[in-house]
Amino acid sequence: MEAITFWILAIGLIAAAWSVILQRNPVASALSLVAGFILLGILFLTLNSSFLMMVQIIVYAGAVMVLFLFIIMLLDLKTEEKRPVPYLRLAVALLIAAIFGGFFFSALQAVPNGHKVLSWSQPVPHVDAGEIGQLLFSKYVLPFEITGVLLLVATIGVIVLSKKEIK
Amino acid sequence: MEAFTQITLNHYLALSGILFMIGMIGVMMRRNIIVIYMSLELMLNAANLALVSFSRFSAVPKLDGHIMVFLIITVAAAEVAVGLALIVALYRLKQTTNTGDLTSLKF
């Protein structure tokens with residue numbers, strides 16, 4: 001059961017990710033990305049973190065992607081006209097990605113508990129929003145507050161950037 | 001055959017690596033700045049997947065990975081808001097979102 005779920009989600013996620021970078025129409029890219037985020041949320045659920053699944057779906061598939069679609073519609077972006085495929089750039093991109101992949105997969109051999117098998121029946125500590133909140137407000141209260149300041153800075157920055165003329 | 005029926009930490013990490021690679025290819029290959037942004041989000045999410053799976057498979061149950069993912073999601077939301085505001089400002093100035101047309105910094 002774990003295996004079937006994982007493979008279905010993994011194949012769906014990779015297909016959605018390819019679709020994001022290959023679609024010519026930005027709206028289609030954005031919708032593929034929504035599908036990818038939802039699949040990733042379900043993957044979080046298979047890893048026993050229901051809270052992060054909710055956050056993922058509300059913040060990413062909800063708020064962030066609405067923002068993306070809003071901007072795409074606002075700028076009225078048309079499907080890109082067909083340009084000659086940039087083979088050189090494609091080759092360089094694939095080469096760099098392949099080098100990264102090579103390092104990544106060789107590093108996987110060294111993961112200490114990399115061969116630990118996922119099993120849903122074996123009991124794991126329950127992860128709920130309360131525990132995460134408690135940790136967030138005790139051990140991680142400083143990063144939490146810095147994130148709050150960051151959000152404030154982002155809000156002010158967006159207001160300044162979207163003014164008609166910056167004096 | 002066991003590699004297909006037994007899902008381990010390495011499977012999740014490999015999936016996250018593949019997602020990161022796809023995002024990286026998207027950032028390097030695409031010319032539409034909004035699609036580049038979406039690829040960046042894909043890379044952030046790949047990192048999130050790795051963090052959550054490390055947290056789930058750790059020998060001592062710990063929630064630190066979850067906190068980190070939570071903070072990354074918050075920062076990513078702020079980053080998207082600022083980035084899209086920049087894109088709108090850029091579009092107002094140049095009427096384009098194609099990075100090939102934005103060459104004023106080219107020497």
task = For the stretch A:111-127, state whether one or more residues are closer than 26 Å to B:ALA77 by Cα and free of Cβ contacts under 8 Å to residues at least 60 places away in the same chain.
result = no
key: Complete set of residues in the stretch B:42-66 that are facing chain A (nearest Cβ under 7 Å) and either crowded, with 20+ Cβ neighbours inside 10 Å or in contact with a Ser or Thr (Cβ under 8 Å, 6 or more places away or on another chain) (or both)   = B:LEU42, B:ASN45, B:LEU49, B:VAL52, B:SER53, B:ARG56, B:PHE57, B:LEU63, B:HIS66
request  = Report whether or not A:VAL85 is at pLDDT below 90, out of contact with any Cys (no Cβ under 7 Å at 6 or more places or on another chain), surrounded by fewer than 17 Cβ atoms within 10 Å (Cβ to Cβ) and among the β-branched types (Val, Ile, Thr).
outcome  = yes
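Residue-by-condition table, conditions (1) in contact with a Phe, Trp or Tyr (Cβ under 9 Å, 6 or more places away or on another chain); (2) touching a residue at least 12 places away in the same chain (Cβ under 8 Å):
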| residue | (1), (2) |
| --- | --- |
| A:ILE8 | no, no |
| A:ALA15 | no, no |
| A:ALA28 | no, no |
| A:PHE37 | yes, yes |
| A:LEU40 | yes, yes |
| A:SER49 | no, yes |
| A:VAL66 | no, no |
query = Taking only pairs six or more apart or across chains, which ones have beta-carbon atoms under 8 Å, a first residue in the stretch B:64-88 that is farther than 19 Å from A:SER50 by Cβ, and a second residue that is part of a helix (DSSP H, G or I) and of a type in the set (Asp, Glu)?
reply = B:ALA76/B:GLU41; B:VAL80/B:GLU41
inquiry  = Let me spell it out: the conditions are (1) at pLDDT 90 or above; (2) farther than 27 Å from B:THR99 by Cβ; (3) at the interface with chain A (Cβ under 7 Å from one of its Cβ atoms), and B:MET21 meets all of them except one. Which number is the exception?
reply    = (2)
key: Answer from B:ALA59, B:ALA14, B:ALA77, B:ALA50 - the residue that is outside any helix (DSSP H, G or I) and modelled with pLDDT under 95   = B:ALA59
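The values are calculated or read from the model by the stated rules, or taken from the named source; none is laboratory data. All figures in this text were calculated on a predicted structure; none of them were measured in a lab. Using ideal geometry, Cβ is built from the backbone for each residue, glycine included, and neighbour counts are taken over all protein chains shown.
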